[in-house]
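Just below is one structure, and these are the notes that go with it.
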Amino acid sequence: MVYEGNSAGARRGFGWLGTVVDHPQSQAMVHSLDGHYLSRQGNWNTDAQFMFSDVDDTTGAGGFVDVQYNPAQGREHSFSFDYYDEDLEINDLGFLQRNDLVGVRYNYERNESGFTHIKSRETSLGLNQQYNTDGKTVRSALFSSQERLFNNNNFLVTEFKYLPSRWDDVNSGGNGAFKIDSRVSTGFFYGTDRSKKLSTEYGLFYEDEDIGGRTLKYRLNVTWRPTDRFSLSSFVTYEDKKGWLIHDEERDFTTFNTSIWRPRIEASFFLSARQQFKIKAQWAGIKAFEDQRWTVPIGDGDLIEEIRGADDLLRDFSISRLTFQARYRWEIAPLSDLFVVYTRGSNVDSRPQDSFSELVRSSWSERLVDVFVVKLRYRIGN
């Protein structure tokens with residue numbers, strides 16, 4: 001149910017949404033009330049929502065308030081307040097990243113133009129502070145970023161984040177909370193004019209890991225458009241991780257030294273104004289080798305290092321997943337189409353001793369999904 005009004009030029013809205021899931025294994029009911037306000041001049045914009053859940057006779061509540069203020073053109077202040085108690089549960093017919101949260105966020109954005117050496121500059125500054133209902137800091141961040149658009153339409157994006165020490169009360173799966181070290185994250189992304197026939201984008205990012213170690217991330221994107229009818233794009237991301245922390249079971253954690261490849265290729269060709277042929281291939285490959293073992297202490301605190309026993313198996317693992325799709329579309333008429341689609345996919349078993357090239361070949365040959373589909377949609381009548 002929704003009500004909206006715009007008396008005196010301002011927009012006001014109120015709404016209610018209810019969902020019910022009822023089956024023998026579980027029962028869930030969620031209600032939400034929301035309100036919206038946009039001032040006549042458009043410089044104030046407020047959204048608020050309150051939620052109530054009843055899941056298997058366990059009730060929870062929460063909500064948020066988001067406020068945006070634009071004092072002048074190109075300037076924006078954003079403020080958010082969130083509160084979710086530990087029993088709020090809306091994921092039967094919705095999504096909540098986590099409950100048991102009290103938090104505030106602030107962000108300032110400024111867009112500037114009229115320079116001689118660049119076309120425009122966009123700067124963002126912000127902070128985020130979140131606690132659980134026990135008063136422990138579960139997220140804390142100070143961040144800034146800036147994007148510069150040059151006169152030749154090339155662009156440069158830089159970012160920096162400082163993440164103070166906090167508690168992790170989620171990743172152990174209810175087996176205790178542990179301290180995360182303070183960290184920094186920084187990087188840049190540079191790209192050439194995307195309107196050119198050939199454009200490139202590349203970036204380098206550095207990030208501290210949770211309890212020591214670091215991640216280096218490299219990105220390279222290349223797009224080729226020789227004509228309006230054909231385009232070819234390739235995207236490659238590579239990550240080198242030292243000390244990647246992953247939950248194993250109960251109170252056990254492991255840090256890994258890891259390499260991650262994520263290439264993607266897309267090609268699109270318009271045979272005519274109504275016919276298109278498109279190919280897309282994407283692969284994700286991970287090889288992780290055990291570094292150290294850790295356990296969450298009783299009563300919470302810093303992770304405690306454990307010594308691997310002589311008879312304990314290494315926790316090394318690999319992931320290799322491939323998705324490939326070729327699609328032909330013919331628009332016979334408006335709302336009438338013929339689709340011919342071939343899809344191939346795989347999820348190879350863990351083989352950390354194999355090379356990345358061997359994992360790619362296995363992903364193509366050991367397919368888990370191999371589907372050919374023809375779909376005709378035809379609109380009858382006017």
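Counting Lys +1, Arg +1, Asp -1, Glu -1, what net charge surrounds SER144 among other residues with beta carbon under 10 Å of its beta carbon? Spelling it out: positives minus negatives among the neighbours equals 0. Counting 0.36 nm for each residue step from GLU366 to LEU314 and taking away their Cα separation leaves a gain of 16.2 nm. Ellipsoid fit via the Cα gyration tensor, the stretch 1-99: semi-axes of 32, 16, 8 Å, each the root of five times an eigenvalue, largest first. Taking 25 °C and 0.890 mPa s as the conditions, I'd like the Stokes-Einstein D for the chain in µm²/s, using the Kirkwood hydrodynamic radius from alpha carbon pairs. It comes out at roughly 96 µm²/s. Residue-wise HN-Hα couplings along the stretch 124-135, as the Karplus relation 6.51 cos²θ - 1.76 cosθ + 1.60 with θ = phi - 60° gives them from phi, are 10, 10, x, 9, 9, 9, 9, 10, 8, 6, 8, x Hz; Gly and Pro carry x. Annotation: extensible slack from ILE307 through GLU331 equals 2.3 nm (criterion: 0.36 nm per residue apart, minus Cα-Cα distance).
Where does the charge balance sit around ALA10 when Lys and Arg score +1, Asp and Glu -1, over other residues with C-beta under 15 Å from its C-beta? That sum, taken over residues with Cβ under 15 Å, equals +1. Projecting label points 7 angstrom from Cα along Cα→Cβ for ILE246 and THR158 puts them 3.5 nm apart. Given a Förster distance of 35 Å, report the FRET efficiency between PHE289 and VAL184 from their Cβ-Cβ distance, rounded to the nearest 0.05. FRET efficiency, PHE289 to VAL184: 0.90.
For the stretch 256-382, the Cα-based Rg and Dmax, in that order, read 23.0, 76 Å. Ellipticity at 222 nm from helices only: DSSP H runs of n ≥ 4 in the chain, each -39500 (n - 2.57), divided by the residue count, give -1000 deg cm²/dmol.
Using 0.36 nm per residue and subtracting the Cα-Cα separation, the extra length available between TYR206 and PHE143 on full extension is 21.3 nm. Legend: calculated FRET efficiency, LEU338 to LEU93, from the Cβ-Cβ distance at R0 = 35 Å, rounded to 0.05, equals 0.50.
Of the residues ASN91, ASN99, ASN347, the one that moves most in a GNM of the chain with alpha-carbon contacts below 10 Å is ASN91.
With a cut-off of 9 Å between beta carbons, the residues surrounding VAL236 carry a summed charge of +3, where Lys and Arg count +1 and Asp and Glu -1. Could you tell me the relative contact order of the stretch 1-99? Use alpha-carbon pairs under 8 Å, at least six residues apart, and round to a whole percent. Averaging sequence separation for qualifying contacts and normalising by length gives 19 percent for the stretch 1-99. Arranged from fewest to most other beta-carbon atoms within 10 Å of their beta carbon, LYS197, LYS179 become LYS197, LYS179. If R0 is taken as 30 Å, the Cβ-Cβ distance between ILE279 and SER120 corresponds to a FRET efficiency of 0.25.
When each of MET51, MET1, MET29 is scored by the number of other beta-carbon atoms lying within 10 Å, the sequence from fewest to most is MET1, MET29, MET51. Modelled label positions at TRP224 and ARG264, each set 7 Å beyond Cα in the direction of Cβ, lie 2.0 nm from each other. Ordering 38-48, 234-244, 114-124 by mean Cβ neighbour count within 10 Å, with the highest value first, yields 234-244, 38-48, 114-124.
Each of LEU303, LEU17 was scored by other Cβ atoms within 10 Å of its Cβ. Arranged with the fewest first, they read LEU17, LEU303.
Where a number appears in this text, it was derived from the coordinates with a stated rule and is not lab data. As the structure is a computational prediction, the values presented were derived from the model and not from experiment. Positions of Cβ are generated from backbone atoms using ideal geometry, with glycine treated the same way; all protein chains shown enter the neighbour counts.
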